[in-house]
Amino acid sequence: MSLQRRFAEEMGTLLGPDFPEELVLAVSGGADSMAMLALAHEWARVWGVRLRVVTVDHGLRAESAEEARMVAAECALLGHEHVVLCWSWEGRGNKMDAARRGRLALIDAWRGSARHVLLAHSRDDVAESFLMRLARGAGGDGLAAMAPLRALPLQPSVPAEAGGAAAGMVLVRPCLGMSRAALRHHATVLKVPFVDDPSNADPRFDRARMRRLLALLEAEGLDRDALAGAAERLRADRDVLQADVLRAWEAGGAEHPGWLSLAPGWAAGVAPATRRRLLARMLRWVAGRDYAPRAAPLDALLDRVLSGGGGTLHGCEVAHLGGRVAIFREHAAICGLGAVGGLWDGRWQAPEAGGALRALGDAGWRALDPAERAPLPHRIARVLPVVWRDGRPDPAAGPRWIAPGFTQFLMTH
């Protein structure tokens, strides 16, 4: 089967039969993404879909600006809109991970009404990611293959359209079943220009080392398809467990602005693996973290919760309050925290009127009249934000919770 036909079938499976009016293509200039551009160009001509192309220049190599101009020239030849977005590293954390997150954030803010963004990840990327995560000691979730279709929640910095949270970006990976060699061959045959990023062979980078390791493993029969197949089976298993987590939450969970709770007996009839997954995701949502807590402390906390106790983990406190299991921000994690860019703790939006936004705290609780105190336990109320004016909390001018709901979080993470 030709690559063009495989691409068309995959697009039909992922987005058909009623295709979006426009799609965004993330094209770096490498062989994979330029081949995807050529495949999408032919496909879009048949289906009447408008393509918009974006290149993110990370500024990490001197050649990146010229490579972006090469993509722009090819898009002009094909008749597609093209834009270059520039990202710069702040020098903190893992550079490659920061570049990935920055790239998605820039595209999300730029895409406008287009929801679907095509990425050129191939079967080789699945196999290499499997090895990289295996080397880091990842569990089943981490080893699972990237999804061909993934909806992301609408970010607070992106204006919502009429659909509200439903307008979040959707990542589409139509080339996951194709090898890197096949994509390169397609671009070469069609004389589509592309560049080879030297970092792909630089042993300082994890992915480059895994590419070299993969070549050695293939000689022993552990090739790209075997590793990618294992990752895809783990993804199928993960999806089943994820559905179990969603059912457990819907049966016993309740969402409140900034905190979550579980009904008495929530764990009855729920498998141990589902319990720990639900607790881990609740902690992530309350804390606003992109990653889950480590396994050992998570298991220890779950044991305490099931025994009627509680504790702190991941910037959160877990306690039995009012007959329910409540998960809310740990006081030590937000004490003294102020608003940054109009947001407190990344998810609370300050009102436009004056005043400082920070947690109520013990002093604020004591300053309120009994009638002003929210119908919340003191331990929860003190870690929620309020507007402070003239040294006193003003509960009537409360901030607005703007993060995606927990159910949506479960469905998109």
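The values are calculated or read from the model by the stated rules, or taken from the named source; none is laboratory data. This is a predicted model, so every value here is computed, not measured. All Cβ positions, glycine included, derive from the backbone under ideal geometry; neighbour counts span all protein chains shown. Quick note on the areas: whole protein, heavy atoms, side chains included, nothing else; ligands and nucleic acids left out. Shrake-Rupley method; radii C 1.70, N 1.55, O 1.52, S 1.80 Å.
Annotations for the structure displayed:
- Check on Gly142, modelled with pLDDT under 90 and at positive phi: no
- Test set (1) under 20 Å from the mean Cα position of the chain (by Cα); (2) under 30 Å from Arg5 (Cβ atoms); (3) touching a residue at least 60 places away in the same chain (Cβ under 8 Å) - Val170 fails condition number: (3)
- Any hit, region 252-261, residues being without any contact (Cβ under 8 Å) to a residue 40 or more places away in the chain, in a helix (DSSP H, G or I) and surrounded by 13 or more Cβ atoms within 10 Å (Cβ to Cβ): yes
- For Asp57, the criteria (1) open to solvent by less than 40 Å² (accessible area, probe 1.4 Å); (2) farther than 21 Å from Asp124 by Cβ; (3) acidic (Asp, Glu); (4) modelled with pLDDT of 95 or more hold in every case but one, which is (4).
- Cβ separations smaller than 8 Å between residues 6+ apart or across chains give the following pairs from region 128-148 residues that are free of Cβ contacts under 8 Å to residues at least 40 places away in the same chain and open to solvent by 50 Å² or more (accessible area, probe 1.4 Å) to residues that are among the small types (Gly, Ala, Ser) and not in a loop (DSSP other than H, G, I, E, B): Arg133/Gly142; Arg136/Gly142.
- Among residues of region 180-208 that are closer than 21 Å to Val126 by Cβ, those with a beta-carbon under 9 Å from a residue that is acidic (Asp, Glu) and at pLDDT 95 or above at least six positions away or on a different chain give the pairs Arg180/Asp32; Leu183/Asp32; Arg184/Asp32; Ala187/Asp32; Phe194/Asp32.
- Check on Phe205, farther than 20 Å from Met411 by Cα, open to solvent by 30 Å² or more (accessible area, probe 1.4 Å), among the aromatic types (Phe, Trp, Tyr) and modelled with pLDDT under 95: yes
- Taken over region 344-372, the criterion of being touching a Cys at 6+ places or on another chain (Cβ under 9 Å) and among the aliphatic types (A, V, I, L, M) is satisfied by Ala359 alone.
- Residue check, Ala35 touching a helix residue (DSSP H, G or I) at 6+ places or on another chain (Cβ under 6 Å), open to solvent by 20 Å² or more (accessible area, probe 1.4 Å) and not β-branched (Val, Ile, Thr): no
- When region 316-328 is filtered for residues that are open to solvent by 10 Å² or more (accessible area, probe 1.4 Å) and of a type in the set (Gly, Ala, Ser), the ones remaining, listed by number, are Gly322, Gly323.
- Qualifying residue in region 302-312 (condition: more than 24 Å from Arg347 (Cα to Cα), among the acidic types (Asp, Glu), open to solvent by 30 Å² or more (accessible area, probe 1.4 Å) and not in a strand (DSSP E or B)): yes
- Among the residues making up region 299-341, those that are modelled with pLDDT under 95 and closer than 26 Å to Pro153 by Cβ are Ala333, Ile334, Leu337, Gly338, Ala339, Val340, Gly341.
- Taking the criterion of being open to solvent by less than 30 Å² (accessible area, probe 1.4 Å) and out of contact with any strand residue (DSSP E or B) (no Cβ under 9 Å at 6 or more places or on another chain), the residues of region 268-301 that qualify are Val270, Thr274, Ala280, Arg281.
- Leu51 vs. criteria modelled with pLDDT of 95 or more and either surrounded by 13 or more Cβ atoms within 10 Å (Cβ to Cβ) or more than 25 Å from the chain's Cα centre (by Cα) (or both): yes
- Remark: Asp369 falls outside the filter, which requires a residue to be modelled with pLDDT of 85 or more and not aromatic (Phe, Trp, Tyr).
- Pairing residues of region 210-231 that are modelled with pLDDT of 90 or more with residues that are assigned to a loop (DSSP other than H, G, I, E, B), at Cβ distances under 6 Å and at least 6 apart in sequence or on separate chains, gives Ala231/Ala145.
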